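One structure below.
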Amino acid sequence: MSWAQDDRGSAFVLTLLLAPILLIALAGVLQLGALRVAAARVRAAADLAALVAVNDQDDAELARSGALRLTADAALVAREYFARELGLSSPLLDRPAAEIAAAADVAAYSSAPAYDARTGARYDRPTVRIAADVPVRTPVFGALILRPVTMLHVTAVSSPR
Amino acid sequence: MRLRVCATAFAFLVVCSSPAQGRDPFRDEGRSEPLPPESELDPAPFIAPPPDLYYVTDTYVADVVATSGPLTTYTTTTVHESTGSYARTLDTVGTGASSIYDGSAFNGRRALGDGRLVAGTYYENYVLIDAGFVPVSIVFFQDDAELARLLAEPTPPGKVVVTPPPSPAGTATGLSPAACCVATPQWPLAIPAPAPTKPIRPGISLLAASAPLSTVEVLRGRAVALWLRAFVDDREVPVRSWTLIDGEAGDALVTAGAGRVPFRSSWRRLAPPGAAYHVVFRIDVDTPETGHRTVNGTIAVVVRSPALQD
C-alpha cells in the first residue's frame with residue numbers, strides 16, 4: 001500500500017480544515033441573533049418615545065375645541081424620551097444615545113389630516129413620527145471582513161385612537 | 001316477723017335502686033343533654049314617635065309649576081315610597097303670608113307673579129337613630145295658583161315646569177289642602193296669547209369660562225372636569241345644581257353637585273370603534289330672570305388612547 005492509499009489521519013485533517021468554517025458560521029449566527037435583539041430594543045425605544053409624546057396633549061386647545069391636539073413641544077418630548085430609552089442600550093450602540101436621538105427625524109403633526117413628507121403616509125389623528133438611523137456594534141461581523149457597525153433604520157408612528 | 005320481712009325488702013330495694021335507663025335522644029350527637037335554648041337578644045327597644053310625628057309614606061319629588069291658559073298652578077309632586085323617615089307639620093301658610101320657616105326649606109318657597117309668596121305647608125323630616133328622632137331637613141310643599149301673573153309675565157300656554165330639589169333628601173307626607181288663592185278674574189276672558197319664555201340653552205365645557213362643547217375627546221384614564229353651564233340669549237346664567245341622569249359616568253365619584261362644582265371623572269374603558277359615550281346632565285337654573293327651571297345638557301365623550309401605527 002502506497003502512501004497515497006493510506007487514509008490514516010485523514011479525519012484529523014478534515015477536522016482541521018472544517019473547524020474554522022464551523023466556528024465562523026457559529027459566530028455569525030450568534031452575532032446575527034445579537035443584532036436582532038438590538039434591533040428590537042431600538043424599535044421599542046422609538047415606539048415608547050412616540051407614545052409618550054402623543055400622551056402629552058394641549059389642554060388649552062382641548063378646552064377650546066374639545067379635540068385632542070399635540071402640545072407644541074411634542075417633538076422635543078419624543079426626542080428626549082428616545083434618547084433616554086436608547087441610553088438603556090448604550091453598550092450596543094456605536095454612538096452616544098443623545099447624539100443618535102438628536103440626529104433622528106422627529107415630526108409632530110398636531111392637526112389632522114396630515115401627510116408625512118418622509119413616508120407619504122396620511123395621518124387622520126394628531127401623530128408623532130420618529131425615524132432614526134441607529135448604529136449598532138457588530139464586532140464579529142467586523143472580524144469577518146464585514147462592517148463592524150451595522151446601521152438600523154427604525155420608524156415609529158403613534159397617534160391617539 | 002312480717003313487718004321485719006317487709007322492712008328488709010324495702011331496704012333492699014332502696015339500696016339496689018338505680019336511675020331509670022331511658023334512651024338518650026342526643027347520644028348520637030355526642031352530648032348527653034340537649035343544649036339550653038339560646039338566649040335571644042333583646043329586640044331593639046321600640047321608640048314610639050312623638051304624637052305629632054308620623055311615618056313618611058309619600059316622598060317629595062319636585063315642585064311643579066303648570067300653566068294652562070291664564071291659570072298657573074303651583075303644586076308638589078310626590079312618590080308613594082317609604083324611606084324610613086318621619087315628618088311633622090311645621091306651618092301651613094297662605095298666599096303672601098310669611099312664616100318663620102321661610103328660607104329654611106331646602107327646596108325654597110317660590111313667589112307668585114306679583115311677588116307674594118305661594119301658599120303651602122312646611123314639613124320637617126326626622127330620622128330615627130339611637131339617640132332618638134333627629135331632624136334632618138325642612139321641605140315646603142307648595143299648593144297655590146294664580147291667574148293674573150300671565151299678564152305681567154307671560155308664559156307659554158300648557159307649559160309645565162318641573163323643578164326638582166337640589167338634593168333628594170326631602171320627604172314629607174300628608175299633603176294638607178293648603179289654601180288656594182285663585183283670584184277672581186278682573187279682566188275679560190279674551191286674553192292675548194303669552195309670548196314664549198326665553199329658552200335656556202345648556203352648555204358643557206372643560207373650563208369654567210371656555211366654549212361649550214358638544215363633543216370632547218379625552219385620553220383614556222385622564223381626569224377631566226366638565227363644567228355644567230346655562231345660557232339665556234347667549235348670556236350665561238348661574239347654575240344652581242346639576243345631576244348626571246344618563247350615560248357612562250366613568251370613574252366619577254360624584255354624580256350631582258352645585259353649579260360651582262364641575263363634574264369630574266375619567267374613563268378607563270374605550271367606547272366601541274366609531275362610538276362615543278353620551279353623558280346627559282340635568283341642569284337646574286333658578287334666577288329671577290328664568291325662574292326655577294331645568295334643562296338637560298348632553299356631551300359626547302370620545303375616549304382615546306395613544307397607540308402605535310404600522
- Query: How many angstrom lie between the C-alpha centres of segment B:269-285 and segment B:68-110?
  - Reply: 35 Å
- Checking segment B:240-276 for trypsin sites (Lys or Arg not before Pro) in a loop per DSSP with at most 12 other beta-carbon atoms within 10 Å yields B:260, B:268, B:269
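Run through segment A:79-139 and list the trypsin sites (Lys or Arg not before Pro) located in a DSSP loop whose Cβ has at most 15 other Cβ atoms within 10 Å. Let's see the in-between values first.
Details: sites: A:79, A:84, A:118, A:122, A:129, A:137; in loops: A:118.
Answer by residue number: A:118.
Considering only the other residues whose Cβ falls under 13 Å of the Cβ of residue B:52, what net charge follows from Lys and Arg at +1 and Asp and Glu at -1?
Values: positive: B:88; negative: B:91, B:124.
That sum, taken over residues with Cβ under 13 Å, equals -1.
So how do B:278, B:292, B:80 line up by other beta-carbon neighbours within 10 Å, fewest first? Provide the component values of the computation, followed by the final result.
On the way: B:278 14, B:292 19, B:80 8.
Going from sparsest to densest Cβ surroundings: B:80, B:278, B:292.
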- If Lys and Arg each add +1 and Asp and Glu each add -1, what is the summed charge of the other residues whose beta carbon sits under 11 Å from the beta carbon of residue B:242? +3
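State, as an integer percentage, the relative contact order of segment B:220-310 based on alpha-carbon contacts under 8 Å between residues 6 or more apart. Mind showing how you got there, number by number?
Values: 186 pairs, mean separation 27.7, N = 91.
Relative CO of segment B:220-310 lands at 30 percent.
Hey, what did chain A get for relative contact order, percent, Cα under 8 Å, at least 6 apart? Don't skip to the answer; put the middle values down first.
On the way: 242 pairs, mean separation 36.8, N = 161.
It comes to 23 percent, rounded to a whole number.
Could you please tell me the mean projected area of the C-alpha convex hull for segment A:74-142, averaged over all directions and given in square nanometres to one decimal?
5.4 nm²
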- Query: Which three extents, in whole angstrom, do the alpha-carbon atoms of segment B:49-141 cover along their principal axes, largest first?
  - Reply: 50, 28, 20
- Query: Which angle between 0 and 90 degrees, to the nearest 10, do you get for helix A:74-87 versus the longest principal axis of chain A when only C-alpha atoms count?
  - Reply: 30 degrees
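So for segment A:52-104, averaging the separation of alpha carbon pairs under 8 Å that are six or more residues apart and normalising by length, what relative contact order in percent results? Walk me through the numbers before you get to the answer.
Details: 45 pairs, mean separation 15.3, N = 53.
Relative contact order of segment A:52-104: 29 percent.
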- Have a look at A:110, A:19, A:51 and report the one farthest towards the positive end of the charge dipole of segment A:1-126, computed about the Cα centre with Cβ charges (Lys/Arg +1, Asp/Glu -1). A:19
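Once Rh is set to the Kirkwood radius over Cα pairs, what Stokes-Einstein translational diffusion coefficient, in µm²/s, holds for segment A:45-161 at a temperature of 4 °C and a viscosity of 1.567 mPa s?
Working: Rh = 15.1 Å.
D = 86 µm²/s.
Bear in mind that the values in this text are calculations on the coordinates, not laboratory data. This structure is a prediction, so every number in the text was calculated from the model and none was measured. Virtual Cβ from ideal backbone geometry, glycine too; neighbours counted across all protein chains shown.
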